[in-house]
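Asker: Below is one structure. I have some questions about it.
Only the coordinates and a few stated rules stand behind these numbers; no lab work does. Here the structure is a predicted model, which is why all the values come from computation and not from measurement. Note: ideal-geometry Cβ built from the backbone for every residue, glycine included; neighbour counts use all protein chains shown.
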Amino acid sequence: MSTFDVLRQYGTAALLRFAGAVVLFLLLHLVRIPLVLTARVLEVAMRRVDGFATRQASTPPRKPVNDFFADSASTREGARVHA
């Protein structure tokens, strides 16, 4: 069925509704593309931040975390003085 057959059988309003539906379909998909790309970029960024946080949390500290309660191997002479 051609466009002119639809126009003759169903009228101008039906043809305009169909054309409007096709245009709306295309516009919604064009709006969707940047949103999908933004979601992909956020996903990659969140994975990198998660990997960084996991690496930082799973490695032991290089120096004592709390110098006030230092163990006997790393005490300085004045470390146990309470004034």
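Asker: Quick one: length gained pulling Val6 to Ala21 fully straight, 0.36 nm per residue minus the C-alpha distance? All intermediate terms of the calculation are to be shown ahead of the outcome.
Answerer: Details: separation 15, 0.36 × 15 = 5.40 nm, distance 1.53 nm.
The span from Val6 to Ala21 would gain 3.9 nm if fully extended.
Asker: Taking N as the number of residues in the range 3-58, what is its alpha-carbon radius of gyration divided by 2.2 N^0.38 Å?
Answerer: Taking the Cα Rg and dividing by 2.2 N^0.38 Å, one obtains 2.28.
Asker: Give me the one-decimal nm value for the distance between modelled label points at Asp50 and Leu37, 7 Å along each residue's Cα-to-Cβ direction.
Answerer: Rounded to a tenth, the inter-label distance reads 2.4 nm.
Asker: Moving to a separate point now. Show me, for the range 30-42, the HN-Hα J-couplings you get by feeding each phi into the Karplus relation (A = 6.51, B = -1.76, C = 1.60, θ = phi - 60°), rounded to Hz, glycine and proline as x.
Answerer: 5, 5, 5, 4, x, 5, 5, 5, 4, 5, 5, 5, 5
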